[in-house]
Amino acid sequence: MMSESIRFNFPAPVIDDSVDRLRKEVRAFLQEEIRNGGFQPVTDCWCSGIDPEFSRKLGQRGWLGVTWPKQYGGRELSALHRYAITEELLVAGAPVHAHWIADRQSGPLILATGTEQMKRTLLPRIAAGECFVALGLSEPESGSDLASVRTRAHRVEGGWEITGTKLWSSGAQICQYMTVLARTSERDDKKRHEGLTQFLVPLDSPGVSVRGIRDMSGVEHFNESHFEHVFVPEDSVLGEVGAGWKQITSELALERSGPERLLSTFVVLEKAFQHAAATMNGHQAAMMGGMVARIRALRAMSLGVAALLEQGHYPEVEASLVKDLGTRFEQDIIERLREFWPIQLKQSFGDELHYLLADSLLRQPSFTLHAGVAHLVVPVSDQGVVRIATFAADKVEIDYRESLAGESRAQVQLSEAVPLELSSAVEGMNEHGLMQFCALVRACQIAGAMEKMNELTVAYVKERHQFGRALGKFQAIQHKIADIAGESALANASVEQAVRELSQHPQPFSGSEDTFLSVATAKVVASAAAGTVSRLAHQCHGAMGFSYEYPLQQYSRRIWSWREEYGSEFYWSERIGLAVADELKQSAAGQNGGRVWEIISR
């Protein structure tokens, strides 16, 4: 039994006027850049926005390496000055990834552990936005368990020879250097964290190869970096030989604590407020106001970590807490905004809010056109009944688009087009029944996809080992697997119930009240479960799940798209609520109707 509660330390920083002046200066510059077309705001800009020229502009203004000594290209400003710059870049969605790692942690690492030659030659170039550094930590068989890295470095005449592979080295394709964690002595299972050393490796060295890895949006910013007998001189060692583990744990406080852990999707919220301000209703205001309040609270925690860093502390625990709460909230922003702005298509077609929402899921939308067709066959509503119409494709307007999964989603404008052929009425189906039919099909597809995601995740956590045992042995992972299975089972139950009830109905897609509740329930439950299952499955898979080479992302992108089509869970939930309320009103007026439980239990 714990004898005392857990307490964290997030001191309120003292912010002087010079920090506010710098913030206003950075903000004015970014607004001017956007006005002049210097960049288009994107979400997750510190990972996906790569523009070396923009990084050089920041360097020219003295906004990189600001806390470093002047003799090494810095300005000797405080951590809070850097924090203000970082916040403004993130909320603007600026393309900062090129310099991000070097400015945030590789530069401070060199400053603390590098040779004097490194400091004098590399730090001024990093501060000028002319030198970029990638991280060489994770490996194909190591993931987050950095103590199990297999990359080896052994002594040779004049230095070291490095052999191994690093994974997820984001941005390495434009970097000049990589900080590489390698094992420099035999591994002792009782002292797994010993015998690790960090090296600064030029990426143009003989034996280095960098291969891009496509993420689930098709963009290659992740990389696999291979080192085959790569020679580095003795002075490439960062810090002491064998002290690598202590150094990287100090780095993690810098990596985990910054505002990028809570502001990666803020640009979407900003745009949503601008979009809704004139017509915002009470429900929207409450939901979006709640997000503003949570951001303020998370920001207070993040500023507290910045204050601790300024005081010379390394608050690993507090930084990890900020990262956990912040990254979960970033995902929550998009899930909440979906209620008002469904995310169906990859393309934005001039709608900046939709572009940013889709970008938050897939990093960056792509714009792809498909080849044309000769004839178009579509269902149409004719005086309340559904008919199948055939049109000549050159007589209608077809706007070729893609879903988030890359599936064709053409929008058709019939205008005054005359059909080549019009079928007789589809027996027993009207336009409301057609909507129900399509919604149930999507619910069935979502349920099937989640079953497959469940299978993939269970297999992955059995095969993948971290920290000396299978991922599935960890209690936190077991909880996630149980939640995935539970949500999938709930969706399956609702879908099976709807199919069963409709199969017994004489006219299942007539749009009647008898069939409405079953279909609406299936779509609500399946669509809502889609977000939970995909989030948990990706958490279990880590970065591997976002790789285009691994199948999980295919199912995620499909269910993200399908949950919006033919009515999201918000659409159908609202209609269930209105239908129940209407029946209760009729009951109160002495007409047909009953209690809520009677409606549920029919």
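The values are calculated or read from the model by the stated rules, or taken from the named source; none is laboratory data. These numbers come from a predicted model, not from an experiment. Here the Cβ positions follow ideal geometry from the backbone for every residue, glycine too, while neighbour counts run over all protein chains shown. With ligands, DNA and RNA removed, areas are computed over all heavy atoms of the protein, side chains included. Shrake-Rupley method; radii C 1.70, N 1.55, O 1.52, S 1.80 Å.
Consider the stretch 40-78 and keep the residues that are among the charged types (D, E, K, R) and part of a loop (DSSP other than H, G, I, E, B). The one that is least open to solvent (accessible area, probe 1.4 Å) is Asp44.
Here His193 meets each of (1) over 22 Å from Glu240 (Cα atoms); (2) more than 23 Å from the chain's Cα centre (by Cα) with one exception, condition (1). Glu574 - would you say it is in contact with a Cys (Cβ under 8 Å, 6 or more places away or on another chain) and either modelled with pLDDT of 85 or more or hydrophobic (A, V, I, L, M, F, W, C) (or both)? Here the answer is no, as Glu574 does not meet what is asked.
Do we find that Leu146 is in contact (Cβ under 8 Å) with a residue 40 or more places away in the chain, closer than 30 Å to Ala470 by Cα, open to solvent by 10 Å² or more (accessible area, probe 1.4 Å) and touching a helix residue (DSSP H, G or I) at 6+ places or on another chain (Cβ under 7 Å) in this structure? Spelling it out, Leu146 is indeed in contact (Cβ under 8 Å) with a residue 40 or more places away in the chain, closer than 30 Å to Ala470 by Cα, open to solvent by 10 Å² or more (accessible area, probe 1.4 Å) and touching a helix residue (DSSP H, G or I) at 6+ places or on another chain (Cβ under 7 Å). Taking helices (runs of 4 or more DSSP H) as the structural unit, those lying wholly within the stretch 241-342 and holding at least 3 residues that are in contact (Cβ under 8 Å) with a residue 24 or more places away in the chain and out of contact with any Gly (no Cβ under 7 Å at 6 or more places or on another chain) correspond to 244-257, 266-276, 282-310, 316-337. Inside the stretch 113-131, residues that are open to solvent by 40 Å² or more (accessible area, probe 1.4 Å) and touching a helix residue (DSSP H, G or I) at 6+ places or on another chain (Cβ under 8 Å) make up a count of 5. Scanning the stretch 189-228 for residues that are at pLDDT below 95, loosely packed, with under 15 Cβ neighbours inside 10 Å and either within 27 Å of Gln117 (Cβ to Cβ) or in contact with a Cys (Cβ under 9 Å, 6 or more places away or on another chain) (or both) yields a count of 0.
The single condition among (1) within 25 Å of Lys119 (Cα to Cα); (2) in contact with a Gly (Cβ under 9 Å, 6 or more places away or on another chain); (3) surrounded by fewer than 20 Cβ atoms within 10 Å (Cβ to Cβ) that Glu186 does not meet is (1). Sort out which residues of the stretch 22-37 are touching an Asp or Glu at 6+ places or on another chain (Cβ under 8 Å), more than 22 Å from Pro108 (Cβ to Cβ) and open to solvent by less than 40 Å² (accessible area, probe 1.4 Å), and write them in order of number. Selection gives Leu30 alone.
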